[in-house]
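Worksheet for the structure shown next.
The values are calculated or read from the model by the stated rules, or taken from the named source; none is laboratory data. Not measured: the values here are computed from a predicted model. Quick reminder, even Gly has a Cβ in these numbers, built from the backbone with ideal geometry, and neighbours come from all protein chains shown. For the accessible areas, the whole protein counts, side chains as well, though only heavy atoms, and no ligand, DNA or RNA atoms are used. Shrake-Rupley method; radii C 1.70, N 1.55, O 1.52, S 1.80 Å.
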Amino acid sequence: MEREMWQQSSTPDPVNLSYRISSLEYPIHNSSNYTSSAFSTSFLRQNDLYQQQYNCIFLCMVLLLPTLCYSNNYVSRTAYYTTPDGMGIPTGACGYGENGKDVNNGEVCAASKRLYKNGAACGACYQVRCKDKGLCSDEGTKVVVTDTGEGHGTDFILSYRAYAKLAKQPNMAQQLFAKGVVEVEYRRVSCKYGNLMLKIHEHSKYPHYLAIVVMNQGGATDILAVQVMQEETKEWISMRRVYGAVFDLSSPPSGELNVRFLTSAGAETKWVQSDKAVIPAEWKAGLLYIHSALLDMKIQVLSHISGATW
């Protein structure tokens with residue numbers, strides 16, 4: 001009964017903002033380079049037909065490359081929220097607690113429902129830069145998703161500290177704050193903000209009920225599913241996503257447990273698993289586990305991405 005009560009009431013309230021579904025995604029297409037001059041009149045010469053066709057296809061591919069490189073960038077709008085210290089909040093919907101406040105030096109965000117993906121994108125990293133060339137830096141800021149929330153037409157609501165990093169110079173930040181909402185372009189990236197960690201959620205009750213929080217997965221992949229295995233049985237058992245990055249399992253196997261994640265990078269999915277036990281036999285609620293096997297898993301997760309640039 002106690003577990004059932006927690007499941008119904010444990011999902012924390014996101015940032016107190018107006019929520020609206022943003023459903024459109026706008027790929028940036030640099031089409032100004034496409035001109036008919038790519039197809040010269042010499043292409044019509046019969047004796048060079050095949051060679052010219054080959055050259056034309058090659059030229060088109062060269063012209064298309066900048067656009068293809070930018071196909072992972074999108075445009076949207078972003079707002080910001082304030083806290084006493086300018087950092088994140090410990091009550092974000094991902095369930096990170098105090099870690100969600102301080103992770104990535106407090107440069108965090110609430111993502112729209114479309115990007116949040118029912119919690120699969122918790123821990124995702126995005127590079128965000130605003131489009132006002134007079135006020136905005138070229139690099140922008142890298143933020144970690146710790147919550148979900150939307151304003152009017154926004155995909156991101158940044159922490160105060162992250163929003164300030166959008167400015168070209170520190171003394172220009174106040175001009176961005178005065179705007180409240182700015183147009184941005186963004187892309188999914190990896191980012192380094194600590195070792196992959198598993199936390200035994202405070203609501204866990206040894207040995208009957210296990211809940212974990214997955215933290216610091218590397219930012220560029222979504223974690224779609226989590227499974228655990230007791231070494232002697234060799235049977236993987238699926239955990240349930242309660243909310244955000246919190247997964248649980250009733251009557252978990254006894255003994256030390258291996259863990260594996262189903263990760264997604266674009267259209268590709270991949271199981272990443274530990275070679276050694278990660279969760280000890282006598283796990284305790286509230287403890288945080290950083291294991292060498294988790295470091296190996298993070299390296300595998302980070303290898304499951306591409307290195308796009310602006």
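Annotations
- Where labels lie 7 Å past Cα in the beta-carbon direction, separation of Glu183 and Glu202 in nm: 4.4
- Calculated accessible area for region 233-286 comes out at 49 Å² per residue, all protein chains present (probe 1.4 Å; ligands, DNA, RNA ignored).
- Counted residue by residue at 0.36 nm each, then reduced by the alpha carbon distance between them, the extension gain from Ala285 to Thr233 reaches 16.3 nm.
- Packing here is the average count of other Cβ atoms within 10 Å per residue, and on that basis the peptides 112-122, 81-91, 170-180, 216-226, highest first, run 216-226, 112-122, 81-91, 170-180.
- Two-site FRET efficiency, Glu268 against Asn171, from Cβ-Cβ distance with R₀ of 45 Å, rounded to 0.05: 0.55
- Region 203-262 shape via C-alpha gyration tensor axes, a/c threshold 1.5: oblate
- Ordered by 1.4 Å accessible area with all protein chains kept, Arg241, Arg161 run largest first as Arg161, Arg241.
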